[in-house]
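Notes for the one structure printed next.
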Amino acid sequence: MTKSVLGIVGGSGLYDIPGLTDAHWEEVSSPWGEVSDEVLFAQIDGLPIRFLPRHGRGHRISPSHIDFRANIDALKRAGVTDLVSISACGSLKEHYPPGHFVIVDQFIDRTFAREKSFFGTGLVAHVSVADPVSPLLADACFEAAKAERIDVSKGGIYLVMEGPQFSTRAESNLYRSWGCDVIGMTNMPEAKLAREAEICYATVAMVTDYDCWHEDHLEVDVSSIIEVMKGNTEKAQRLVLNLARNFPREHPACPIGSDRALDVAIITRQEHYDRDLMVKLDAVAGRVLQRS
C-alpha cells in the first residue's frame, strides 16, 4: 500500500501548526505558476505532514490571485495523498453560529476568474466531481473535531464565490434559498484540481460570521471576523494534531475513487498528446501517462 502523507492547506488565520516535529520550510517549484508559499515539511508521531498557507504567510494573496494549480501540483510533488482544507467561511444557516465547524460534502462553484483544470488542448480529461469530498477523510476530520470537543456538524454545501468583496444582501439570501450552508472564496477550484491530481480532499469550514443575511449582522465586519478567527485557529490546530495522531499510516483506497480519478478520465488519443503539456503533468498525471 501507499504510505499516507497528510496535507493541510491553511486558510485565513491558519498560517502555521505548532507541535510538529522535524519541521522545516522548503520551496517546491511548480511548472504551473507561483506556489503561495514554501511548503512546511514535518511529522506528527511519525506521520509525514505537508502544510501550505493558502494565502501565504502574512496573508499576502487574495482569493482570486491564488494560483490553485501551482499549489495542488506542489503538494502532489511533496507526496501528499490526503489533503484537508481549513477554511474560514460565513454561515448561511441560523444554527451554524460563529465558531462552529462544518465538515462539508458538497460545493457550488460560482467563481469565474480562475484556471480550473490541469488539462486542456492537446490532452483533454474529464474527472467526476459528483462527490467532491473523500468520505473517509471527511469522517476522520469529523471524529477529530468531536474528540477535541469542537462544535461541529457533518455534511453541508459550501457556496464558493469569487470575491474579494463579500456578498450583497440579495446574493446572500439567494444562496440561502438554494439550501447552501456556508459561503467562502477559496475551495474552488481547489477541490476540482485535487481530484484531477488524485488527492483525497476534505474541507473543515470554520464559521466566522453570519454573512449579511442575518438581521443582527447586516454587514460583514473584518475586525469582528479576525476576533472569531483567533479562537477558530486554536481549535483548528488542535483538530489537525488529533487527526494526524489517529490517521492511518497506510493510505486506504478511497471508496469513491478519488485516488484513481484519472483511470477513465483522459479522452485524447495517445498519438495526439501534446508533449509539452505531458511534461507539465508529470506529477499530477504521471501515474496514468507513464502507461501511455
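Listed values, structure above:
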{"read-out": "Selection within the range 165-219 - of a type outside the set (Val, Ile, Thr), in contact with a Leu (Cβ under 8 Å, 6 or more places away or on another chain) and not in a loop (DSSP other than H, G, I, E, B)", "value": "ARG169, SER172, TYR175, ARG176, GLY184, ALA194, GLU196, CYS200, TYR201, ALA202"}
{"read-out": "Hits in the range 160-179 (condition: closer than 21 Å to ALA236 by Cβ and either surrounded by 21 or more Cβ atoms within 10 Å (Cβ to Cβ) or among the aliphatic types (A, V, I, L, M) (or both))", "value": "VAL160"}
{"read-out": "Residue list for the range 100-120, restricted to those being exposed (fewer than 15 other Cβ atoms within 10 Å of the Cβ) and in contact with a Ser or Thr (Cβ under 9 Å, 6 or more places away or on another chain)", "value": "ALA113"}
{"read-out": "Of residues in the range 21-74 being of a type in the set (Gly, Ala, Ser) and in contact with a Pro (Cβ under 7 Å, 6 or more places away or on another chain), the one farthest from ASN242 (Cα to Cα)", "value": "SER64"}
{"read-out": "Contacts under 8 angstrom Cβ, first residue in the range 91-114 being without any contact (Cβ under 8 Å) to a residue 60 or more places away in the chain and within 17 Å of ALA144 (Cβ to Cβ), partner of a type in the set (D, E, K, R) and not in a strand (DSSP E or B), 6 or more apart", "value": "ASP105/ASP131"}
{"read-out": "Residue count, the range 78-99 (criterion: within 20 Å of ILE17 (Cβ to Cβ) and crowded, with 19+ Cβ neighbours inside 10 Å)", "value": "11"}
{"read-out": "Flag if SER134 is polar (S, T, N, Q) and touching a strand residue (DSSP E or B) at 6+ places or on another chain (Cβ under 8 Å)", "value": "yes"}
{"read-out": "Flag if ASP211 is under 24 Å from HIS59 (Cα atoms), surrounded by 18 or more Cβ atoms within 10 Å (Cβ to Cβ) and modelled with pLDDT under 95", "value": "yes"}
{"read-out": "The range 11-35 residues that are in contact (Cβ under 8 Å) with a residue 24 or more places away in the chain and buried (at least 18 other Cβ atoms within 10 Å of the Cβ), paired with ones that are assigned to a loop (DSSP other than H, G, I, E, B) and among the hydroxyl-bearing types (Ser, Thr, Tyr) (beta carbon under 9 Å, 6 or more apart)", "value": "GLY11/THR186; SER12/THR186; VAL35/SER29"}
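The values are calculated or read from the model by the stated rules, or taken from the named source; none is laboratory data. Quick caveat: nothing in here was measured; it's all calculated off a predicted structure. Note: ideal-geometry Cβ built from the backbone for every residue, glycine included; neighbour counts use all protein chains shown.
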